[in-house]
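Undergrad: For reference, the structure I am asking about is given below.
Derivation of every value follows stated rules applied to the coordinates shown; laboratory data play no part. No experiment lies behind these values; they were computed from the predicted model shown. As a convention, Cβ positions derive from the backbone with ideal geometry for all residues, glycine included, and neighbour counts pool all protein chains shown.
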Amino acid sequence: MTSSLPFRLVLASSSAYRKELLARLQLPFEVAVPDVDERPLPGETPSATALRLARDKAAAVAARLPGSIVIGSDQVATLDGEQIGKPGNHANALVQLQTMRGREVLFHTALCVWDGRSDDGASPQLADIVTRVTFRDLPDAELDAYLRREQPYDCAGSAKNEALGIAILERIDSSDPTALTGLPLIALTGMLRHLGISFFR
């Protein structure tokens with residue numbers, strides 16, 4: 001997008017899902033891929049992991065692009081307190097869905113907005129939006145057919161709720177409906193408003 005803002009707005013992510021969500025706000029922005037190790041630290045809670053990685057992603061890009069407002073986000077899915085990563089392939093995804101069927105999974109979607117315009121390094125804004133997702137108790141054949149149709153192997157939880165994956169979900173509870181897809185826009189617009197950004201100029 002061509003910038004018409006008096007500063008650079010940057011999304012620190014390689015995610016096509018987050019890019020699509022941010023585009024809904026109709027603000028000009030750039031995308032910069034952060035180089036961050038996304039592995040959880042020993043003993044780290046899911047919320048702490050998500051918040052740390054969102055902040056680290058924003059900080060890494062802000063260091064490369066001084067003077068920018070940078071948006072970082074990360075999502076961690078958990079079942080019974082254990083983190084669930086991206087499956088990466090069909091076999092792992094099927095095991096994930098078999099394990100989660102009929103059960104509730106928590107998705108921690110962390111958000112960081114880093115204001116690089118401040119000379120004194122103002123504290124970044126941080127939030128963790130929790131979404132509770134109940135998966136339908138479906139047979140293996142349906143889970144396998146879904147995975148072959150949509151191939152959501154880059155999604156924690158092995159389902160794209162914004163597409164056909166919604167059919168394997170029974171319930172979604174969240175204060176921010178876009179959080180589960182990867183970028184909580186209600187929280188984000190509030191943070192950007194705090195920085196004086198108008199959406200209806």
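Undergrad: Mind giving me the FRET efficiency for ASP140 and GLU162? R0 is 25 Å, r the Cβ-Cβ distance, nearest 0.05 is fine.
TA: 0.55
Undergrad: Right, next: For segment 60-172, state the average projected area of the convex hull of the C-alpha atoms over all orientations, rounded to one decimal in nm². If you can, show how the numbers build up before the last one.
TA: On the way: hull surface 32.2 nm².
Result: 8.1 nm².
Undergrad: Using amide H atoms built 1.01 Å from N in the peptide plane, name the residues 5+ places from GLN125, or on other chains, whose amide H lies under 5 Å from its own.
TA: VAL113, ASP115
Undergrad: For segment 160-165, in order, what is each residue's ³J(HN,Hα) by Karplus, 6.51 cos²θ - 1.76 cosθ + 1.60 with θ = phi - 60°, in whole Hz (x at glycine and Pro)?
TA: Taking θ as phi minus 60°, the curve returns 9, 5, 7, 9, 5, x Hz for segment 160-165.
Undergrad: What are the residues whose amide H is under 5 Å from the amide H of LEU169, where those residues sit 5 or more places off or on another chain and H is modelled from the backbone?
TA: For LEU169, the qualifying residues are ARG136.
Undergrad: Between THR99 and LEU25, take the C-beta separation as r, use R0 = 41 Å, and let me know the FRET efficiency to the nearest 0.05.
TA: The computed FRET efficiency comes out at 0.70.
Undergrad: Within the chain, what is the longest stretch that has no chymotrypsin sites (Phe, Trp or Tyr not before Pro) placed in a DSSP loop and near at most 12 other beta-carbon atoms within 10 Å?
TA: That gives 1-198 as the longest site-free run.
Undergrad: Work out how far the C-alpha atoms of the chain reach from end to end along every principal axis, then list the three figures in whole Å, largest first.
TA: 55, 38, 27
Undergrad: Expressed in nm to one decimal, what extension gain is obtained for the pair GLU38 and ALA16 from 0.36 nm per residue of sequence separation less their Cα-Cα distance? Working shown, then result.
TA: Values: separation 22, 0.36 × 22 = 7.92 nm, distance 1.75 nm.
Taking 0.36 nm per residue and subtracting the Cα distance, the gain is 6.2 nm.
Undergrad: Rounding to the nearest 20 debye, state how big the charge dipole of the chain is about its Cα centre with +1 on each Lys and Arg Cβ and -1 on each Asp and Glu Cβ.
TA: The calculation lands at about 560 debye.
Undergrad: First measure r as the distance between the Cβ atoms of ASN92 and ASP173, then evaluate 1/(1 + (r/R0)^6) with R0 = 25 Å and state the FRET efficiency to the nearest 0.05. It would help to have the intermediate numbers written out before the result.
TA: On the way: r = 26 Å, r/R0 = 1.05.
Efficiency, from the Cβ-Cβ distance: 0.45.
Undergrad: Taking 1 over the mean of 1/r across every pair of different Cα atoms in segment 1-45, what Kirkwood radius in Å do you get?
TA: 12.4 Å
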